[in-house]
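What follows is a short report on a single structure.
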Amino acid sequence: MLATIERADILQRADELAQMVIQSELGENYFQSLYNMRNDSEAQRKIREFSSLKDLYEEVQRFGKYHPEYKRVNLEIRHSKRDMDLHPTIAEFKRAETELQGILDEMSLKIGQAVSFNIKVPSGNPFFESQSSCGGGCGSGGSCSCSA
């Protein structure tokens, strides 16, 4: 791929757009909540606890309900996940992350549609999937059965 002035200009504008998102209120809120979560020792303890249980959960899932610890591990992971998600700094971070992801999804859709309505923009948000000609989430390698 040859570098052209036009491509360099597009990349520069993309960097400028990224800086605008980072410096926006949503971006600043995201980074502040990330900082708060990373510096909250109780939140970090809950994340570590959940991560270690997740490893055990994946091991148990290999054998399914036939594993002797299946019920206990499933119950523990659900409790740990709920406990982690309800912690104030983690919940705030997840809210900020979801808000930022929403604006990034919207930007991707607008940029893609500005080029062509046939551009497939992967998105995990059902709102954007219903606005696209084939469900929006066509990053699945053709499993969406759209007529690309």
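Please treat every number below as a calculation from the coordinates, not as lab data. None of these values were measured; they are calculated from a predicted model. No Cβ is skipped: glycine too gets one built from the backbone with ideal geometry, and neighbour counts run over all protein chains shown.
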Cα→Cβ-extended label distance, 7 Å offset, between ARG95 and ASN39, nm: 2.0
Any lysines with Cα under 30 Å of the LYS110 Cα? List them, leaving off those in the same chain fewer than 8 positions away. LYS94, LYS120
Give me the aspartates and glutamates in straight-line cross-link reach of LYS54: C-alpha distance below 17 Å, same-chain residues under 8 apart excluded. GLU69, GLU76, ASP83, ASP85
Evaluate the distance, in nm, between pseudo-label points positioned 7 Å from the Cα of GLU69 and of MET20 along their respective Cα→Cβ axes. 5.1
